[in-house]
Amino acid sequence: MKIINYIIVCLFIMHCNSQSPEALWGKAKLMQSKDNLKESIINLELIIKDYPDHDLASKSQFQIADIYLNEIKEFDLAIDKFKIVIDKYPAHDVAKNSLFMIAYIYNNYLNSYTDAINNYKLFMDRYPNDELIPSVEYELKGLFEIEGVIDSLNSVVSKKRNT
């Protein structure tokens, strides 16, 4: 009988220690507002790990990527985290937003114009009627102008090498 009571008490304690995804989300947002980014990311990762099928799991992965982008300023790591969103949650809206953000980071932070163009074109192919299409077209217009300048500079360099 003591063993059964012990098991019941242990299960009760474990149940009390587990937090709902909503509670973890709230804690993560609070920690982020207090610039405790490490603790915020830990709580977001707990949602992903403990509640992988919950709607907040995909949002948590996106939020982690957003923290690396906007607060930590680790652009390559942010891209990696956004790619995880696309891979793990392809049918969720955050996947679409992640693809846009990847292209945006390549263009506006890393000056990797070819990667930006490729990702914006991929976005247009996957989401042709999305509300972000005007923004994608605007970004691509600027990129095509840059691409023209780069191509002309490359041809000048190529001609100088050949002479």
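What to note about this one:
- A search for C-beta distances below 7 Å between a residue of region 29-52 that is in contact (Cβ under 8 Å) with a residue 12 or more places away in the chain and any residue that is of a type in the set (Phe, Trp, Tyr), counting only pairs 6+ apart in sequence or on different chains, returns Ile47/Trp25.
- Of the set (1) part of a helix (DSSP H, G or I); (2) modelled with pLDDT under 95, all apply to Asn111 but (1).
- In region 44-76, the residue that is nearest to Asp87 (Cα to Cα) out of those that are assigned to a helix (DSSP H, G or I) and among the basic types (Lys, Arg) is Lys59.
- Hits in region 44-56 (condition: in contact with a Phe, Trp or Tyr (Cβ under 9 Å, 6 or more places away or on another chain) and either surrounded by fewer than 22 Cβ atoms within 10 Å (Cβ to Cβ) or modelled with pLDDT under 95 (or both)): Leu56
- Among the residues listed as Ser40, Ser33, Ser20, the single one being over 19 Å from Ile67 (Cα atoms) and either buried (at least 18 other Cβ atoms within 10 Å of the Cβ) or at pLDDT 95 or above (or both): Ser20
- Number of positions in region 77-94 that are assigned to a helix (DSSP H, G or I) and either closer than 15 Å to Ala116 by Cα or touching a residue at least 24 places away in the same chain (Cβ under 8 Å) (or both): 8
The values are calculated or read from the model by the stated rules, or taken from the named source; none is laboratory data. Everything numeric in this text was worked out from a predicted model, so none of it was measured. Glycine gets a Cβ as well: all are built from the backbone with ideal geometry, and neighbour counts include every protein chain shown.
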